[in-house]
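Taking it in order: structure first as structure tokens, then the write-up.
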Amino acid sequence: MTDHSQNTELVTIGVELVSRDWKLKTTIAAPAGPTRLIQLLPLANALADAVTRMAEQALEKQGEMITCKKGCAACCRPLVPISQVEARRLRELVESLPEPRRSQVKARFADALRRLDQAGLLDKLRTHEQWTEDESKKIQVQYFMQGIACPFLEDEACSIYQDRPATCREFLVTSPAEYCSRPTNEDVRLVKLPFRVMSALARFDTPLPSSERIRWVPLVLALEWAADNPDETTPRRGSELARELFRNVADQEGARLAFH
């Protein structure tokens, strides 16, 4: 298990990120010494939260409100794509849980895979890199129709809310919450965000050219994928990784990025 407390010395970086109708100006702290990407997930999560807060504030000015609320949990049943680093983090998180909770969560993952296998979807998920766009849409609907809850869902609420992946942070709607229970409902109004932090994280594991599909992992496969794919990358300076994260964010919309 990775020791996230090894790097205690921090370096401060000023960041200004500007798109056509959106601006973020902030100061971040990154580890000064050798760092693995997994150690920057708190920073990435904070960035995702900042983006969604600003989107929510912009909607409120237009008279709209985010309708997501604790207890609806429809968004905890679709196929959730996460970055590879987040898959490794989820495995670490599960392994750090005390018993009997650790075994309970692992049992939920195992049960989800068993149900997907019975539905003929498990092998398809394991080869998702080969999907065409049409196959992707079809399989996502098939997945949702299984009604398989995220293994971290407990009493219709996220049990790892503070550590939830960026995809979960970035899924927001302004339509009635009950609409989300039907996967093909065209009345679902998704909140458009200027940047996607999940995509920025996934870009670290996606070789150039940047036009290539980003690499991701189905959340339900996170434990088995992370066990089979340990992080073998060479640690880099935390400040270097942080800057690359913001560059990956900015590149999505051709935004202007400056460090101070």
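Quick notes
- Scan of region 225-252 for residues that are among the polar types (S, T, N, Q) and not in a helix (DSSP H, G or I), ordered by number: Asn229, Thr233, Thr234, Gln252
- Residue within region 106-113 that is at pLDDT below 95, under 26 Å from Ile214 (Cβ atoms) and surrounded by 15 or more Cβ atoms within 10 Å (Cβ to Cβ) present: no
Residues are listed down the side, and each one gets a yes or a no for (1) under 15 Å from Leu79 (Cβ atoms); (2) modelled with pLDDT under 85; (3) of a type in the set (Val, Ile, Thr):
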site: Cys180; (1), (2), (3): yes, yes, no
site: Asn185; (1), (2), (3): no, yes, no
site: Arg196; (1), (2), (3): no, no, no
site: Asp205; (1), (2), (3): no, no, no
site: Arg213; (1), (2), (3): no, yes, no
site: Leu219; (1), (2), (3): yes, no, no
site: Glu224; (1), (2), (3): no, no, no
site: Asn229; (1), (2), (3): no, no, no
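- The sole residue among Thr27, Thr12, Thr8 that is farther than 23 Å from Ser83 by Cα, in a loop (DSSP other than H, G, I, E, B) and either at pLDDT 90 or above or of a type in the set (Val, Ile, Thr) (or both) is Thr8.
- In region 135-153, the residues that are within 17 Å of the chain's Cα centre (by Cα) and assigned to a loop (DSSP other than H, G, I, E, B): Ala149, Cys150, Pro151, Phe152
- Residue ID - nearest to the chain's Cα centre (by Cα), chosen from residues in region 216-254 that are under 30 Å from Glu9 (Cβ atoms) and among the small types (Gly, Ala, Ser): Ala226
- For region 154-175, a residue qualifies if it is hydrophobic (A, V, I, L, M, F, W, C) and either part of a strand (DSSP E or B) or over 16 Å from the mean Cα position of the chain (by Cα) (or both), and the qualifying residues are Ala157, Cys158, Val173.
- Residues of region 114-145 that turn out to be in contact (Cβ under 8 Å) with a residue 24 or more places away in the chain, charged (D, E, K, R) and either within 29 Å of Leu40 (Cα to Cα) or surrounded by fewer than 13 Cβ atoms within 10 Å (Cβ to Cβ) (or both), as a count: 2
- Here Lys70 does not fit the description of being part of a strand (DSSP E or B), modelled with pLDDT under 95 and of a type outside the set (Phe, Trp, Tyr).
The values are calculated or read from the model by the stated rules, or taken from the named source; none is laboratory data. Predicted model only: the values in this text are computed from it and were never measured. Don't worry about glycine lacking a Cβ; one is built from the backbone with ideal geometry, like all the others, and counts go over all protein chains shown.
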